[in-house]
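A short worksheet on the structure shown next.
Every read-out reported here was derived from the displayed coordinates using simple, explicitly stated rules and does not represent laboratory data. The shown structure was predicted, so the numbers you read here are calculated from the model rather than taken from an experiment. Glycine gets a Cβ as well: all are built from the backbone with ideal geometry, and neighbour counts include every protein chain shown.
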Amino acid sequence: MSIRRILGASTIIAGLLGLAAAAHGHALMIEKDVKAGSWHIIQIGIPHGCTGTPTHTIRIKVPDGIVLARPERKAGWTMSMTMRKMDKPITSEGVTYSEAVDEMIWTGGDLGDLEFDRFSALIKFPNDPGKTLYFKTVQECAKGMHRWIEIPEGGKKWGEYKEPAPFVVLYDPKTGPVKAP
């Protein structure tokens, strides 16, 4: 094998390892591009516990602008929600809502430190193409917690933060997805 091929392969492997290392330490939105104005199932992946201990609670804050959210039940976990009063009630499919889901909470589970799981919800997204919505996520473990709540600002990128919030980018169905921040 030539030196050029070895160097090329080494560069590719180093890049993939770097991506894997960056992804290992974050709560991840499984699919980041969402059609504006649509119903969409979000999935936030939790790739590890805290300081070697299992996860027992996941809290996901529903961003402002989303009024309809339906968290998915998970076997072995208790699911609950906190609500917030809306400024103006909305009617959807013949039902009038005056409150919106503020936070989705899964408790009582036992997600091992070396295990991965997804926490899902059906969300009705606002019709606001180009907008980025951050789902601040708190992961509580037997010892410690991760607060995946950092939102990029000042020209920084999502991957530059220690505990960035999972996000989606709303796209115009006529033009398709755009590059995520």
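Annotations for the structure displayed:
- Sorting the segments 94-106, 47-59 by their residues' average number of neighbouring beta-carbon atoms within 10 angstrom, most packed first, yields 47-59, 94-106.
- Extending 7 Å from Cα along the Cβ direction at ILE41 and again at LYS88 yields two label points whose distance is 3.3 nm.
- A simple spin-label model places the labels of ASP128 and GLU150 2.4 nm from each other, with each point 7 Å out along Cα-to-Cβ.
- Positive-end residue of PRO166, GLY155, PRO54, charge dipole of segment 49-181 with Cβ unit charges: GLY155
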